[in-house]
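One structure below.
The values are calculated or read from the model by the stated rules, or taken from the named source; none is laboratory data. Just so it is clear, the structure is predicted and the values come from calculations on it, not from any experiment. Neighbour counts run over all protein chains shown; Cβ positions are idealised from the backbone, glycine included.
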Amino acid sequence: MARSSAPRQITGRFVLIAVVSFFAVVISVNAVMMRLAIATLPGTEVDSAYSASLAYQREIRAAHQQSERNWKVDAHVERSADGTTRLNVDAKAQDGSSLAGLSVFGRLERPTDRRADHVFEVSESGGGGYRGMAHGVTAGQWDLVIEADRAGKRLFLSRNRVVLN
C-alpha cells in the first residue's frame with residue numbers, strides 16, 4: 001500500500017475557521033477572567049474620597065483631643081479553635097480611675113477584604129472593663145478597631161494589626 005505524500009492545501013474556509021476559533025478562545029478566557037476579577041473585588045477603603053477629605057480636619061482634631069485625654073486602653077483578643085473570638089478591653093483615665101459608662105464598639109477588619117469583617121457584641125463588665133464576642137472568625141491577620149463613645153460623641157479610636165491563630 002502506497003501512501004500519497006501530497007500536502008493538504010490550506011483553503012480560505014480553513015483559515016476562517018482557525019481565526020474565528022482563535023478569537024473565540026481569547027474572548028472566552030478574557031470574559032471568564034473579568035468575571036472572576038469583578039466577583040472577588042473586595043471594594044474600596046472609603047465610599048467617597050471627597051467626603052473623606054472633607055472629614056480629614058475633623059479626624060485630626062479628634063486625634064488631638066484623644067491624645068490630650070491620655071486614656072490607657074488595653075485590649076486583648078483571643079480566638080478559639082471553633083472561630084469564637086473574645087475581646088477584653090480595660091479602660092482607665094489619666095488618673096488611673098476606671099472609665100465606666102462608655103459605649104464600646106469593637107470589630108475585626110480583614111485588611112484585604114471588607115466582606116470578611118466581624119463585629120463584636122460588646123457589653124460593660126464593670127470597673128472599666130468591656131467584654132465582647134464574635135463568631136466565625138478565621139485565623140490570619142486582622143485589624144482590630146476599638147471605638148468608645150459617650151452621648152453619641154466618639155472619644156476614643158484605636159486601630160491595631162493583630163494575628164489570630
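Search the range 88-100 for residues that are touching a residue at least 60 places away in the same chain (Cβ under 8 Å) and pair each with any residue that is among the aliphatic types (A, V, I, L, M) and surrounded by 10 or more Cβ atoms within 10 Å (Cβ to Cβ) when their beta-carbon atoms are under 7 Å apart and the residues are at least 6 apart or on different chains.
Short answer, once both residue conditions are applied: Ala91/Val73; Ala91/Leu99; Ala91/Leu102; Ala91/Ala148.
Would you call Asp74 within 21 Å of Arg131 (Cα to Cα), assigned by TED's automatic domain parsing to the domain that holds Gln141 and without any contact (Cβ under 8 Å) to a residue 12 or more places away in the chain?
Numbers: within 21 Å of Arg131 (Cα to Cα): yes; assigned by TED's automatic domain parsing to the domain that holds Gln141: yes; without any contact (Cβ under 8 Å) to a residue 12 or more places away in the chain: no.
No; evaluated as a whole, the condition is false for this residue.
From Ala24, Ala75, which residue is among the small types (Gly, Ala, Ser) and touching a Leu at 6+ places or on another chain (Cβ under 7 Å)?
On the way: Ala24 fails: touching a Leu at 6+ places or on another chain (Cβ under 7 Å).
Testing whether each residue is among the small types (Gly, Ala, Ser) and touching a Leu at 6+ places or on another chain (Cβ under 7 Å) leaves just Ala75.
When residues of the range 67-85 are filtered for being out of contact with any His (no Cβ under 8 Å at 6 or more places or on another chain) and either among the hydroxyl-bearing types (Ser, Thr, Tyr) or within 18 Å of Arg107 (Cβ to Cβ) (or both), how many remain?
Quick first cut of the range 67-85, residues out of contact with any His (no Cβ under 8 Å at 6 or more places or on another chain) only: 67-82.
Subsequent filtering for residues that are either among the hydroxyl-bearing types (Ser, Thr, Tyr) or within 18 Å of Arg107 (Cβ to Cβ) (or both) retains 67, 73-80.
Matching residues across the range 67-85 total 9.
Could you say whether any residue in the range 17-37 is touching a residue at least 24 places away in the same chain (Cβ under 8 Å) and either within 20 Å of the chain's Cα centre (by Cα) or in the same structural domain as Gln94 (by TED's automatic domain parsing) (or both)?
No.
Taking only the range 119-142 into account, find how many residues are within 30 Å of Thr40 (Cα to Cα) and surrounded by fewer than 17 Cβ atoms within 10 Å (Cβ to Cβ).
Going through the range 119-142 one residue at a time, the tally reaches 9.
Condition test on Ser5, is it assigned to a helix (DSSP H, G or I), of a type outside the set (Phe, Trp, Tyr) and either over 21 Å from the mean Cα position of the chain (by Cα) or surrounded by 10 or more Cβ atoms within 10 Å (Cβ to Cβ) (or both)?
no
Could you check the range 111-165 and list, in sequence order, the residues that are more than 20 Å from the chain's Cα centre (by Cα) and among the acidic types (Asp, Glu)?
Across the range 111-165, the qualifying residues are Glu124, Asp149.
Collect the residues in the range 110-121 that are at pLDDT below 95 and either β-branched (Val, Ile, Thr) or touching a helix residue (DSSP H, G or I) at 6+ places or on another chain (Cβ under 9 Å) (or both), keeping them in residue-number order.
Residues of the range 110-121 at pLDDT below 95: 110-117, 121.
Passing the criteria: Arg110, Thr112.
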